[in-house]
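The values are calculated or read from the model by the stated rules, or taken from the named source; none is laboratory data. Everything quoted here is computed from the prediction, not taken from an experiment. Here the Cβ positions follow ideal geometry from the backbone for every residue, glycine too, while neighbour counts run over all protein chains shown. The protein model used for the area step is the full one, side chains on, heavy atoms only, and it has no ligands, DNA or RNA in it. Shrake-Rupley method; radii C 1.70, N 1.55, O 1.52, S 1.80 Å.
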Amino acid sequence: MSKTLKRIAVGLFFAALCSINAAADGWQHLGAVQRVEKLQDGVELLAGKSRVRVTQIHDGVLRVRVAKDGPFPKDFSWALADTPLDLKEALSPVQIEDGKSDTKMTAGRVTVLIKKSPLLITFADASGKVLLADEPTLPMASNGSRIRIWKKLPLDENYYGLGDKPGPINRRGRSFNNWNSDVFGWGESTDPMYKDIPFFLALRKGTAYGVFFDNTYRSSFDFGKESPDYFSFGAEGGELNYYFFAGPDPKKVVEEYTRLVGRSPLPPLWSLGYQQSRYSYYPEARVREIASTLREKKIPADVLYLDIDYQQGNAPFTINREYFPHFEQMVADLRAQGFHLITITDLHIKKDPGRGYAPYDSGIKNDVFLRNPDGSVFVGIVWPSESVFPDFTRTKARDWWGTLYKDFVAMGVAGFWNDMNEPALFERADKTMPLDTRHRLDDGSSLDHRAIHNVYGMENVRATYDGLRKLQADERPFVLTRAAYSGAQRYAATWTGDNSSTWNHLTMSTPMLLSLGLCGYTLVGDDIGGFAGSPPADLLTRWFEIGALNPIYRDHTGKGTADQEPWVHGPQQEAIRRRYVELRYQLLPYIYTGIEASTHTGLPFMRPVFLDYPQEEGFYGNNRDFLFGSDLFVAPVVSEMVDAEEVQLPPGDWYDYWTSQKLSSANKITLHPALDEMPLYVRAGAIVPVQPVTQSTSEQPAGPLELRVYAGDNCRGSLYEDDGHTFRYQKGEFLQVNYSCKISPDSIAVTSSTTSSSFHTWWSNATVTVIGISAEPKEIRIGAHAIHAWHYDAGTHSVTLTVPEAATNWTLELML
């Protein structure tokens with residue numbers, strides 16, 4: 001028997017077996033389609049007692065919604081943005097062809113084929129190429145409150161997403177659960193994790209599609225672990241309600257998904273600087289010592305964190321005056337040194353009646369706490385001991401929560417960290433509140449914790465963000481969250497939780513961050529050096545290196561661990577770590593420009609290589625390397641380097657960032673990086689803006705902007721600037737410059753085009769370095785004027801010169 005016939009036989013066996021098992025497990029598949037009703041945006045199918053709607057949401061985006069017991073309930077989503085971006089544009093009319101056994105729905109560039117008996121749905125592109133299809137032997141089904149759907153599993157299809165799952169970035173061959181969980185000491189096989197992001201992207205031979213299963217109950221995804229012939233997803237309650245994104249490339253999928261659920265807002269510039277934290281910095285003298293040491297050692301930094309020990313008895317929104325007798329003055333002094341203070345505010349409120357604890361007293365008065373089924377206030381044990389919990393599903397409770405930040409904002413605290421918001425409780429095996437705890441809604445109805453658990457943390461940071469928007473006037477909020485649901489990026493940055501100080505956790509950090517980025521989360525990071533345990537010197541140094549090229553750059557560790565600041569382990573290690581923190585600050589113009597662009601596209605700044613090069617199948621399973629923006633390729637050292645490191649560059653030519661040596665992707669690179677070396681490459685054709693090192697973003701760089709032009713194809717770059725902390729950019733107060741270059745055998749022309757210049761920058765002149773010139777130019781002109789003050793470096797094959805008044809339109813021409 002041939003291999004193909006063997007596979008078919010095995011597949012049929014598994015399909016028959018699983019169909020029998022599905023029936024034995026009590027799954028009730030939807031009945032055959034009895035009636036097809038044409039809608040303006042799609043079709044509604046009557047199948048037994050169930051109704052199924054297939055509708056067009058946007059060009060290339062369709063929705064499948066099932067009411068298994070008949071009428072559709074009120075349409076509501078916690079995930080979708082209040083006003084989904086650009087969804088009001090004109091759509092192609094939906095065309096329906098209803099036949100005896102099939103219905104064909106044409107919606108723009110997507111064709112939906114609906115088989116009536118059994119009810120099966122197939123999505124195809126305009127050419128008829130099947131993108132996603134129901135598994136014929138396992139139609140959509142329910143079992144009591146449980147719902148599930150099975151899809152065909154092509155042999156060479158790869159799956160990505162689901163948020164902060166550890167392990168390889170490609171999810172194929174594994175299964176996962178989504179139930180936000182406090183998982184201190186998590187490992188490679190830990191599941192579920194802190195976040196529930198029920199979105200995945202599929203990629204096969206360069207073609208991509210995506211699926212978002214908008215269901216807040218405990219859900220599960222199986223990408224071929226149960227059977228080699230299908231994958232499946234479902235939940236323990238709620239609706240079978242999913243969105244299909246047709247792509248056809250991965251960037252388009254991410255753009256369309258984030259168009260639906262929202263994108264990260266532009267953060268304050270200071271939040272992109274280096275952040276120093278631990279559990280915990282206290283007393284006040286220790287905080288001041290950390291700040292002073294960073295400045296004395298000239299290690300750039302913008303942020304200091306206070307964990308729960310700054311509070312009185314761990315009660316949120318209090319200050320331990322024994323530890324911090326001059327808290328307000330400390331905040332002001334830190335701000336004068338260029339530090340922004342972020343304080344933790346867990347969502348549990350200490351149950352402390354009759355003692356003047358305003359958060360509890362006002363919460364009881366305003367009836368904003370969760371209740372038990374019998375109507376009494378729910379009480380759970382967390383850091384302050386007995387605690388009560390805000391009813392964040394109500395606008396009234398969210399508004400109340402936002403007011404609690406008033407005093408801290410007035411003191412000058414710059415940002416807030418919402419931790420323990422899965423929600424996490426002590427003294428319970430499931431680490432959360434009972435499933436019958438009631439969450440009230442604005443319409444007077446309520447849902448139990450089964451329905452709300454996975455969105456509770458998101459509604460917590462929503463309340464924080466919205467409250468800060470009211471309290472901080474024109475200042476951009478910064479909020480950090482541990483738990484999330486799809487769309488939480490609208491309110492908060494996130495990190496990968498309580499990791500460990502091991503090489504394995506350093507290795508796992510990149511695929512986790514890349515996965516979060518694919519799920520719409522631009523502002524992500526991990527605990528540099530690990531939270532649990534104390535890293536050896538070389539591990540901490542390597543983590544500082546890779547962390548410099550993560551969106552959020554925070555060094556954090558747990559109570560009882562060794563010191564983990566950059567200067568521990570002696571001068572040699574300190575010098576290397578300082579070098580990479582300085583690299584971070586040099587690249588801030590490039591980073592800020594890329595982060596701003598992501599607010600418009602939803603594309604992650606830290607991204608897997610296949611996002612930009614979907615045809616390159618060699619990168620489909622790459623868990624180590626990544627792109628930082630479209631122009632920097634990072635191949636970090638994430639092991640103790642017993643063996644050589646091999647690097648495969650993405651397609652095209654690249655330059656070594658450190659030496660300016662030009663390299664081709666045609667050849668694999670074998671390296672033995674020293675401890676102070678992290679392989680970093682720049683795309684040939686990139687124009688990268690950089691700045692002189694500063695000690696914080698509050699300090700104006702001493703010197704001009706630098707533009708590094710790496711000669712090559714598709715030569716372009718950009719620069720975005722604003723004041724870095726207010727919303728005045730929304731009123732047009734920003735600088736936007738686009739750069740390009742044209743290369744011919746006898747010249748290189750670099751052009752600057754300013755599209756908006758209402759913001760006055762810190763720089764006037766720009767130092768331009770053109771890299772990749774084999775010989776000294778014969779002449780250099782800016783516009784019509786020849787210049788003579790320039791330098792050619794034969795070692796790096798580069799020319800450096802100064803362009804005056806560089807925030808205007810200009811053209812620089814090098815005659816070769």
Which listed residue is open to solvent by less than 40 Å² (accessible area, probe 1.4 Å) and modelled with pLDDT of 95 or more, from E582, E545, E616: E545
Candidate set from the range 527-560 (those that are in contact with a Ser or Thr (Cβ under 9 Å, 6 or more places away or on another chain), among the aliphatic types (A, V, I, L, M) and assigned to a helix (DSSP H, G or I)); member that is nearest to R584 (Cα to Cα): I546
Answer residue from the range 239-295, given it is among the acidic types (D, E), outside any loop (DSSP other than H, G, I, E, B) and closer than 25 Å to L518 by Cβ and is least open to solvent (accessible area, probe 1.4 Å) among those: E256
Candidate set from the range 296-309 (those that are of a type in the set (V, I, T) and not in a helix (DSSP H, G or I)); member that is surrounded by the most Cβ atoms within 10 Å (Cβ to Cβ): V303
Condition broken by W790, with the remaining ones in (1) over 25 Å from E699 (Cα atoms); (2) exposed (fewer than 14 other Cβ atoms within 10 Å of the Cβ) satisfied: (2)
Matching residues, the range 585-602, being in a loop (DSSP other than H, G, I, E, B) and either open to solvent by 20 Å² or more (accessible area, probe 1.4 Å) or within 19 Å of I687 (Cα to Cα) (or both): L587
Members of the range 790-814 that are farther than 16 Å from P704 by Cα and of a type in the set (G, A, S): A794, G795, S798
The one condition in (1) in a strand (DSSP E or B); (2) surrounded by fewer than 20 Cβ atoms within 10 Å (Cβ to Cβ) that Y209 fails to fulfil: (2)
Search result, residues across the range 82-107 that are assigned to a loop (DSSP other than H, G, I, E, B), in contact with an Asp or Glu (Cβ under 9 Å, 6 or more places away or on another chain) and modelled with pLDDT of 95 or more: V94
Per-region count, the range 715-737, residues outside any loop (DSSP other than H, G, I, E, B) and of a type outside the set (A, V, I, L, M, F, W, C): 11
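Per-residue answers, yes or no, for (1) part of a helix (DSSP H, G or I); (2) free of Cβ contacts under 8 Å to residues at least 24 places away in the same chain; (3) under 22 Å from Y217 (Cα atoms):
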{"residue": "R398", "(1), (2), (3)": "yes, no, yes"}
{"residue": "W401", "(1), (2), (3)": "yes, no, no"}
{"residue": "F416", "(1), (2), (3)": "no, no, no"}
{"residue": "D436", "(1), (2), (3)": "no, no, yes"}
{"residue": "H439", "(1), (2), (3)": "no, no, yes"}
{"residue": "G444", "(1), (2), (3)": "no, yes, yes"}
{"residue": "G457", "(1), (2), (3)": "yes, no, yes"}
Members of the range 664-719 that are surrounded by fewer than 17 Cβ atoms within 10 Å (Cβ to Cβ), acidic (D, E) and under 23 Å from V737 (Cα atoms): E699, D713
R394 vs. criteria open to solvent by 10 Å² or more (accessible area, probe 1.4 Å), within 33 Å of the chain's Cα centre (by Cα) and either farther than 20 Å from I308 by Cα or free of Cβ contacts under 8 Å to residues at least 12 places away in the same chain (or both): yes
Residues being touching a helix residue (DSSP H, G or I) at 6+ places or on another chain (Cβ under 9 Å) and open to solvent by 10 Å² or more (accessible area, probe 1.4 Å) - total across the range 553-571: 5
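Quick grid of which residues meet (1) open to solvent by 20 Å² or more (accessible area, probe 1.4 Å); (2) closer than 27 Å to V94 by Cα; (3) assigned to a loop (DSSP other than H, G, I, E, B):
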| position | (1), (2), (3) |
| --- | --- |
| S127 | yes, yes, yes |
| L132 | no, yes, no |
| P139 | no, yes, yes |
| W150 | no, yes, no |
| L155 | yes, no, yes |
| I169 | no, no, yes |
| W186 | no, no, yes |
| M193 | no, no, yes |
| F200 | no, yes, no |
Some residue of the range 38-46 being open to solvent by 10 Å² or more (accessible area, probe 1.4 Å), out of contact with any Cys (no Cβ under 9 Å at 6 or more places or on another chain) and closer than 19 Å to I149 by Cα: yes
Of all residues making up the range 312-326, the number that are touching a residue at least 12 places away in the same chain (Cβ under 8 Å) and either open to solvent by less than 10 Å² (accessible area, probe 1.4 Å) or in contact with a Ser or Thr (Cβ under 7 Å, 6 or more places away or on another chain) (or both): 4
Where T761 falls short, out of the listed (1) part of a loop (DSSP other than H, G, I, E, B); (2) open to solvent by 20 Å² or more (accessible area, probe 1.4 Å); (3) in contact with a helix residue (DSSP H, G or I) (Cβ under 7 Å, 6 or more places away or on another chain): (3)
Residues of the range 625-663 classified as of a type in the set (D, E, K, R), open to solvent by 40 Å² or more (accessible area, probe 1.4 Å) and farther than 19 Å from V709 by Cα, total: 3
Boolean, Q329 is open to solvent by 10 Å² or more (accessible area, probe 1.4 Å), without any contact (Cβ under 8 Å) to a residue 40 or more places away in the chain, within 12 Å of R288 (Cα to Cα) and not β-branched (V, I, T): yes
Hits in the range 439-487 (condition: open to solvent by 10 Å² or more (accessible area, probe 1.4 Å), closer than 18 Å to K406 by Cα and among the basic types (K, R)): R462, R469, K470
All strands (runs of 3 or more DSSP E) inside the range 613-714 with 1 or more residues being among the β-branched types (V, I, T) and on the phi < 0 side of the Ramachandran plot: 632-634, 645-647, 669-671, 680-683, 687-690, 705-710
Residue count for the range 220-238, restricted to those that are of a type in the set (A, V, I, L, M, F, W, C), assigned to a strand (DSSP E or B) and in contact (Cβ under 8 Å) with a residue 60 or more places away in the chain: 3
Only listed residue being out of contact with any strand residue (DSSP E or B) (no Cβ under 8 Å at 6 or more places or on another chain) and at pLDDT 95 or above, chosen from A424, A429, A397: A429
